[in-house]
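The values are calculated or read from the model by the stated rules, or taken from the named source; none is laboratory data. This is a predicted model, so every value here is computed, not measured. Because the Cβ atoms are built from the backbone with ideal geometry, glycine has one as well, and the counts that use them run over all protein chains shown. The protein model used for the area step is the full one, side chains on, heavy atoms only, and it has no ligands, DNA or RNA in it. Shrake-Rupley method; radii C 1.70, N 1.55, O 1.52, S 1.80 Å.
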Amino acid sequence: MTLLGPDRTGRPVVRVAAVGDIHLGEDCAGLLRPAFETLPGCADLLLLAGDLTRHGTAAEARVVAAEVASIGVPVVAVLGNHDHHADEPEEVVRVLRDAGVRVLEGESTVLPVAGHKVGVAGVKGFCGGFVGRSAGEFGEPEMKAFVRTARRSADRLAGALAELEAHGCAVRIALTHFSPVPDTLAGEPPEIYPFLGSYLLAEAIDAQGADLAVHGHAHLGTEHGMTAGGVRVRNVAQPVIDHAFALYRLPLDGRSAHPSEASAPAPVPARYGLG
Amino acid sequence: MTDRPEPYEEEYRIALLRERLARGGQAELGVRVERRGGGVLLTGTVPNATRREEILDLARDTLPGLTVRTEVALAGRDAPDHGEELP
């Protein structure tokens, strides 16, 4: 009950609602709308962590759009792998954007909350695995392309997080579909971890800094995790949270937020002093 | 005469069911298929009851002669009554 009441500390806070993997088909219209209609009373924004549709068709995207249209809080989304299945992700994005959803792919958005800036950097992300158990960019072109896809995705996330820093956001959230850490996969068969996320996402999050990382994709995983650099990670796949959305409350005065010079993130080898 | 597959075939048919769930229009990557005793157990979470029936039909079609048990849950769709403080 705590978060639904006023903050007892009196500090300015942002209330973040988040869910992923709602997998709505054309027969799912209205399924989540009643819960989403409570959002203006309990949240300042809604994050959608991908796999919003079943097969990634425009018709399914229209079902998703109707669930969140004019819901009374800003809605920020990334797509998931299911939203790519029909090979028309640009159509899915167009339908969602027409309904007012801010769909991010290597982009950022800044929302005003209680006189502060709340920033969200979003990217779908990709597979590849975690430190010590990951695919390498070596060998056949297909293998190199696989690993490069993950790397490019992490680079775009780093770029988007750098934009939030440049805006002087009081709270910075990294939104992905694939997981940045193995912690939140606990419950999934370990053999499939490499298909559930990539440490490259966590590396980007730790290099640029964030206050919260939110992802989906791992239906059998767990909610709580943390990056090596100490950023809290939450798996909000609907089967994991078992609700229409999860709620998190973060203080808006927790860090000294000063706009900094916009600078492109350093390439990974340079971060570690290598050429 | 029963249609029960040869024992060695069963594991390939179970793999085929996983493949069909992922690809054949079901796209339910969150549904888990495991051998349990002499049959197969399906677990996971789906958005609605229709989806659950479709999955059960596909399993029975792919695994003739095998006992198919399901404990596929429906995803909770209520608003939460609590949240988490992240100080």
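Some values worked out for this structure:
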read-out: In sequence order, calculated HN-Hα J values of segment A:213-230 (Karplus, 6.51, -1.76, 1.60; Hz; x Gly/Pro); value: 10, 10, 9, x, 6, 9, 5, 9, x, 10, 6, 9, x, 8, 6, 4, x, x
read-out: Separation between Cα centres of segment A:20-63 and segment A:209-225, rounded to whole Å; value: 18 Å
read-out: Mean separation of Cα contacts under 8 Å (6+ apart) over length of segment A:11-251, as relative contact order %; value: 22 percent
read-out: Accessible surface of segment B:7-74, 1.4 Å probe, proportion on carbon and sulfur as whole %; value: 46 percent
read-out: Between segment A:83-105 and segment A:143-205, the Cα center-to-center distance that results, in Å; value: 20 Å
read-out: Interface area, B with A, accessible, probe 1.4 Å, both sides summed, Å² nearest 100; value: 2700 Å²
read-out: Helical mean residue ellipticity (222 nm; -39500 (n - 2.57) per DSSP H run of 4+; nearest 500) of chain A; value: -7500 deg cm²/dmol
read-out: Computed P(r) (all Cα pairs; segment B:7-74; 10 Å bins; percent); value: 22, 61, 17, 1
read-out: CD proxy at 222 nm, helix term only [per DSSP H run n ≥ 4: -39500 (n - 2.57); per residue of chain B; nearest 500]; value: -11500 deg cm²/dmol
read-out: Kirkwood estimate for the protein assembly as shown, i.e. one over the average of 1/r between Cα atoms, Å; value: 21.1 Å
read-out: Debye log10 I(q)/I(0) at q = 0.11, 0.14, 0.21 Å⁻¹ for segment A:143-216, Cα point scatterers; value: -0.28, -0.45, -0.90
read-out: Options A:Gly30, A:Leu220, A:Gly159, ranked by Cα towards positive dipole end of segment A:11-251, top entry (Cβ charges); value: A:Gly159
